[in-house]
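**Q** I am attaching a structure below and will ask some questions about it afterwards.
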Amino acid sequence: MKPLNLVPIKPEINFIGRKKIFFIFSAFLVILAFGLFLARGLNFGIDFQGGILIEVRMPEGGKLAEMRANLSGLGVGEVALQEFGQPTDILIRIQKQEGGEKAQQVAVEKVKKALGAGVQYRRTEFVGPKVSRELFRDGVIAVLLAMVGILAYIWFRFEWQFGLGAIIALLHDVLTTIGLFALTGLEFNLSTVAAILTIAGYSINDTVVVYDRVRENLRKYKTMPLTELLNNAINETLSRTVMTSLTTMLALVSLYVLGGEVIRGFSFALIWGVIIGTYSSICVAVPLLLHLNLNRGVQTSGAGNQAEPAE
C-alpha cells in the first residue's frame, strides 16, 4: 500500500523566484493588521477589562446554553460562562459595570434572580482595573519572552541569520493574528494569548524543519547556488509540512465547530495560526536568508559542533 502524499515527494516549485511577491504580500498583511489595530482596536474580554467573577454550583448540569441565553438578556453587558471541574460547576464572568461598586452589586443581584433558587454561590469576586492591567502586562511579557527564547534557541542551534529570519517570520504571524482579531471583533482574552503562544510554537516548529534541511544542504552541496539550494530545501520538506498542517487543521476545525462558544476564539486563532505559520515558514523565513549574508563557509551542526569548511 502506497503512502498518502497530497503533494509530490519533491515538487519543483520555484518559491525563491517568487520571493518579491511573498514579501510584498506579507508587508501588506502586517501594515493592514497594524492599521486595523490602530483604527478599531481589540475587543478585550473581561480578563483585560475588569469585571465580575461568580462561581456557582447548579442543581444539575447540561444547562449551559439555557443559562447563557437567560443571562445575556439581563442588560449587564458581556456575559461569559464556562464549565470547570464537574458539569454542575459554572464560572460566570460579567463585564465591569459603569457606576462603581454599587453597580457591580446590582449586576450580581440580577444574575442571582435570573438563576433562581437551588444555586450554590461559591465565590463572587470583582476584577478591578489594576488586576486586568496586570493580566494584560503579563500576557504581553509571556509573548515577548517566548520570542526571545525562540531567538536564543535558533541562534544557538543554527546561526544568527537563521534566528533573525525565524523571529521576523514569527512577528509576522503574531501581528497578523492580532490584526485578524481587530478585523473580526472576536474577544481578545487570556485564551487568545495562549493561542498566540501556541501559534508561535507551531510556526517555529515548521521553520526549524525547513531550516534544518537548509543547513544539511549547505553542508552537502557546497558549490550549489544559494537560490537553488533554498528552493530544494523547501520542496524536500513541503510534503511533510502540508500533511502536518492539514491533520492539525482537522482537529482545530472540529474544535471550532463542536467545541462551543467558550473555546471558539481560541480555536479560531489557532486555525489562522496554522495557515499563516505554514505560509511564513515557507515563503518568509527561508527567502529571508538570501538577504542576511548567510555564511556558507561553516555551518554548525548543534551545540558548538562544526561541519567541514567549504572548499
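**Q** State which residue is farthest from the chain's Cα centre (by Cα) when the search covers only the stretch 42-80 and only residues that are under 19 Å from ASP138 (Cβ atoms) and of a type in the set (Gly, Ala, Ser).
**A** GLY51
**Q** I need the full set of residues from the stretch 111-128 which are over 16 Å from LEU71 (Cβ atoms) and either outside the structural domain of ARG57 (by TED's automatic domain parsing) or surrounded by 11 or more Cβ atoms within 10 Å (Cβ to Cβ) (or both), in order please.
**A** Listed by number, the residues that qualify are GLN120, ARG122, GLU125, PHE126, VAL127, GLY128.
**Q** Tell me whether the stretch 211-222 contains one or more residues that are outside any helix (DSSP H, G or I), surrounded by fewer than 23 Cβ atoms within 10 Å (Cβ to Cβ) and in contact with a helix residue (DSSP H, G or I) (Cβ under 8 Å, 6 or more places away or on another chain).
**A** yes
**Q** Name the residue that is surrounded by the fewest Cβ atoms within 10 Å (Cβ to Cβ), counting only residues in the stretch 69-96 that are assigned to a loop (DSSP other than H, G, I, E, B) and of a type in the set (A, V, I, L, M, F, W, C).
**A** LEU74
**Q** Now for a different question. Out of contact with any Lys or Arg (no Cβ under 7 Å at 6 or more places or on another chain), outside any helix (DSSP H, G or I) and assigned by TED's automatic domain parsing to the domain that holds GLY179: is that true of THR244 in this structure?
**A** Here the answer is no, as THR244 does not meet what is asked.
**Q** While we're looking at this one, here's another question. Which of (1) loosely packed, with under 15 Cβ neighbours inside 10 Å; (2) basic (Lys, Arg); (3) farther than 30 Å from SER281 by Cα does ARG137 not meet, given it meets every other one?
**A** Answer for ARG137: the failing condition is (3).
A quick yes/no check of all residues on (1) loosely packed, with under 15 Cβ neighbours inside 10 Å; (2) more than 17 Å from GLY45 (Cβ to Cβ); (3) of a type in the set (A, V, I, L, M, F, W, C):
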position: MET67; (1), (2), (3): no, yes, yes
position: GLU98; (1), (2), (3): yes, yes, no
position: ALA103; (1), (2), (3): yes, yes, yes
position: GLU109; (1), (2), (3): yes, yes, no
position: GLN161; (1), (2), (3): no, yes, no
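**Q** Okay, next question. If you take the residues of the stretch 243-264 that are surrounded by fewer than 16 Cβ atoms within 10 Å (Cβ to Cβ) and more than 30 Å from PHE84 (Cβ to Cβ), which of them is nearest to the chain's Cα centre (by Cα)?
**A** Within the stretch 243-264, the match that is nearest to the chain's Cα centre (by Cα) is LEU246.
**Q** Which residue is farthest from CYS283 (Cα to Cα), if the candidates are limited to the stretch 26-75 and must be of a type in the set (S, T, N, Q) and in contact (Cβ under 8 Å) with a residue 40 or more places away in the chain?
**A** The qualifying residue farthest from CYS283 (Cα to Cα) is ASN70.
Per-residue answers, yes or no, for (1) closer than 18 Å to ILE275 by Cα; (2) of a type in the set (D, E, K, R); (3) at pLDDT below 85:
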| position | (1), (2), (3) |
| --- | --- |
| HIS172 | yes, no, no |
| ASN189 | no, no, yes |
| GLU236 | no, yes, no |
| THR247 | yes, no, no |
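The values are calculated or read from the model by the stated rules, or taken from the named source; none is laboratory data. Please read all numbers here as calculations on a predicted model, not as lab measurements. Glycine gets a Cβ as well: all are built from the backbone with ideal geometry, and neighbour counts include every protein chain shown.
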